[in-house]
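The values are calculated or read from the model by the stated rules, or taken from the named source; none is laboratory data. These numbers were taken from a predicted model, which means no experiment stands behind them. Positions of Cβ are generated from backbone atoms using ideal geometry, with glycine treated the same way; all protein chains shown enter the neighbour counts.
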Amino acid sequence: MIRNRGGFSLIELVLVISIIALLIMAVGLTSGVRENAKVHSASESIRALRTAAESYIAAGNMTYTGITVSGLQTSGYLPAAFSATGSNPWGGNYTIAPNPDASKVDISLTGVSSSAATRLSALFANSAAATSYASNTWTITF
């Protein structure tokens with residue numbers, strides 16, 4: 001007599017565990033892709049802000065004193081659609097301000113994770129005067 005046993009075979013269990021492992025890996029990979037996209041997007045915005053700040057100086061201003069995002073927009077150095085509030089990839093703000101050395105400018109992003117700050121600092125290592133990270137705020141000086 002053949003008995004019909006309920007349950008799963010070892011092969012079926014291994015197959016299910018393998019599928020679950022693949023799904024977990026896929027989810028992990030997509031989160032890395034998203035973080036890469038955020039860092040890339042932020043770096044492009046930083047480059048746009050730096051270009052706008054350099055245009056501000058090229059227009060005859062001797063120092064960065066008085067520089068603001070809204071002032072750069074009004075002067076036409078930044079598009080009017082550029083939003084500094086809640087628009088960086090982590091949901092924080094962009095700010096631009098003169099450095100204590102008024103011949104330099106600081107660009108800050110709020111809400112940045114420490115791993116993203118490390119990656120942003122590495123991206124700008126050769127072009128920035130300095131970078132810093134404190135209290136979820138990453139700042140670069142040009």
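Give me a count of the residues in the stretch 32-53 that are among the acidic types (Asp, Glu) and surrounded by 14 or more Cβ atoms within 10 Å (Cβ to Cβ).
1
Tell me, yes or no, whether the stretch 108-119 has at least one residue that is among the charged types (D, E, K, R) and without any contact (Cβ under 8 Å) to a residue 24 or more places away in the chain. Checked the stretch 108-119: no residue is among the charged types (D, E, K, R) and without any contact (Cβ under 8 Å) to a residue 24 or more places away in the chain.
Within the stretch 98-108, the set of residues being crowded, with 16+ Cβ neighbours inside 10 Å and of a type in the set (A, V, I, L, M, F, W, C) comprises Val105, Ile107. The criterion of at least 2 residues that are of a type in the set (A, V, I, L, M) is met by the following strands (runs of 3 or more DSSP E) wholly inside the stretch 74-142: 94-98, 105-110, 130-134.
Quick one: would you say Val39 is part of a helix (DSSP H, G or I), modelled with pLDDT of 85 or more and touching a Lys or Arg at 6+ places or on another chain (Cβ under 8 Å)?
Working: part of a helix (DSSP H, G or I): yes; modelled with pLDDT of 85 or more: yes; touching a Lys or Arg at 6+ places or on another chain (Cβ under 8 Å): yes.
It is true that Val39 is part of a helix (DSSP H, G or I), modelled with pLDDT of 85 or more and touching a Lys or Arg at 6+ places or on another chain (Cβ under 8 Å).
It is to be established whether one or more residues within the stretch 73-85 are under 22 Å from Ser135 (Cα atoms) and crowded, with 16+ Cβ neighbours inside 10 Å. Yes, the stretch 73-85 contains at least one residue that is under 22 Å from Ser135 (Cα atoms) and crowded, with 16+ Cβ neighbours inside 10 Å.
Looking at Asn126, Asn88, which is the one that is under 27 Å from Val33 (Cβ atoms), surrounded by fewer than 13 Cβ atoms within 10 Å (Cβ to Cβ) and free of Cβ contacts under 8 Å to residues at least 60 places away in the same chain?
Values: Asn88 fails: surrounded by fewer than 13 Cβ atoms within 10 Å (Cβ to Cβ).
None of the other options fit; the residue is Asn126.
Within the stretch 44-71, residues that are touching a residue at least 40 places away in the same chain (Cβ under 8 Å) reach partners that are in a loop (DSSP other than H, G, I, E, B) and loosely packed, with under 14 Cβ neighbours inside 10 Å with beta carbons closer than 8 Å, at six or more positions or on different chains, in the pairs Thr63/Ala102; Thr63/Ser103; Tyr64/Ala102; Tyr64/Ser103.
Using the structure shown, decide if Ser87 is modelled with pLDDT under 90 and either under 13 Å from Ala42 (Cα atoms) or touching a Phe, Trp or Tyr at 6+ places or on another chain (Cβ under 7 Å) (or both).
Working: modelled with pLDDT under 90: yes; either under 13 Å from Ala42 (Cα atoms) or touching a Phe, Trp or Tyr at 6+ places or on another chain (Cβ under 7 Å) (or both): yes.
Criteria met by Ser87.
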